[in-house]
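The values are calculated or read from the model by the stated rules, or taken from the named source; none is laboratory data. What you see is a predicted model, and the numbers here were worked out from it, not measured in a lab. Here the Cβ positions follow ideal geometry from the backbone for every residue, glycine too, while neighbour counts run over all protein chains shown.
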Amino acid sequence: MIGAGPAGASAALFLAKAGKETLVLDSNTSMTKRAWIDNHYGVNGISGPDLLEVGREQAEKFGAKFITEKVTDIDTNGGSKVTVKTDSGRSFEASHIILATGALTELANSIGLELREGTEPRIKTVIKTDGAGRTSNARIWAAGTVAGVSVHTIITAGDGAKVAIELLSELNGERYVDHDILK
């Protein structure tokens, strides 16, 4: 996972809760860090930093790991794995990644993902996806604003969850559903 804003942390929550090893690399530049949110269902007004912290804590509760690193390159290694490289020189390997980089598409562009024009104000370019979050590279998914959904936190968080569910469904070979019940 690249990005720990509402889309990235929400995707991480679903992936970790499903028992998948989940690493989130985040540059700590989320636009949500500057927000006050009064329109997030189930929350009575919250600062962006507090929303991000709660989301991270939820994902960590199920085993997601968060590292503050800026990703500088992604190598799909001919299709078998994905290697993510950071500005500190570290490398991480995964079978799939989800890009949840908010308004930032430079990384996606540099690795050759197909982009399209954005529709949100001030969001000029987004990653082209198939609606489920798949990009032009089979091992790279995209969620949230960078995938063309609204910048509102409730919508980007929902999109992160949706993309994680689509990825889990693909990995499991059947539709993934996560419903908890009252005890």
Checking the conditions here, which among 153, 119, 76 is polar (S, T, N, Q) and surrounded by 21 or more Cβ atoms within 10 Å (Cβ to Cβ)? 153
Could you check segment 129-153 and list, in sequence order, the residues that are farther than 17 Å from residue 117 by Cα, modelled with pLDDT under 95 and of a type in the set (Val, Ile, Thr)? 153
Check segment 161-173 and report whether any residue there is crowded, with 16+ Cβ neighbours inside 10 Å and polar (S, T, N, Q). no
Give segment 81-108 a look and list any residue that's closer than 19 Å to residue 7 by Cα, in a loop (DSSP other than H, G, I, E, B) and in contact with a strand residue (DSSP E or B) (Cβ under 8 Å, 6 or more places away or on another chain), or say none. 96, 100, 101, 105
Residue 167: part of a helix (DSSP H, G or I) and out of contact with any strand residue (DSSP E or B) (no Cβ under 8 Å at 6 or more places or on another chain), yes or no? no
Would you check which residues across segment 116-164 are touching a strand residue (DSSP E or B) at 6+ places or on another chain (Cβ under 6 Å), closer than 12 Å to residue 100 by Cα and part of a helix (DSSP H, G or I) and list them? 146, 147, 163
Can you pull out the strands (runs of 3 or more DSSP E) entirely within segment 13-79 that have at least 1 residues that are small (Gly, Ala, Ser)? none
Return the total of residues in segment 33-61 being buried (at least 17 other Cβ atoms within 10 Å of the Cβ) and at pLDDT below 90. 1
Just one of the numbered conditions (1) under 22 Å from residue 76 (Cβ atoms); (2) among the charged types (D, E, K, R); (3) touching a Phe, Trp or Tyr at 6+ places or on another chain (Cβ under 7 Å); (4) loosely packed, with under 15 Cβ neighbours inside 10 Å is not true of residue 178; which one? (1)
Quick one: residue 64 ticks every box in (1) under 17 Å from residue 7 (Cβ atoms); (2) modelled with pLDDT of 95 or more; (3) over 16 Å from the mean Cα position of the chain (by Cα) bar one, so which box is it? (3)
State all residues of segment 170-179 that are part of a helix (DSSP H, G or I) and without any contact (Cβ under 8 Å) to a residue 12 or more places away in the chain; if no residue qualifies, say none. 170, 172
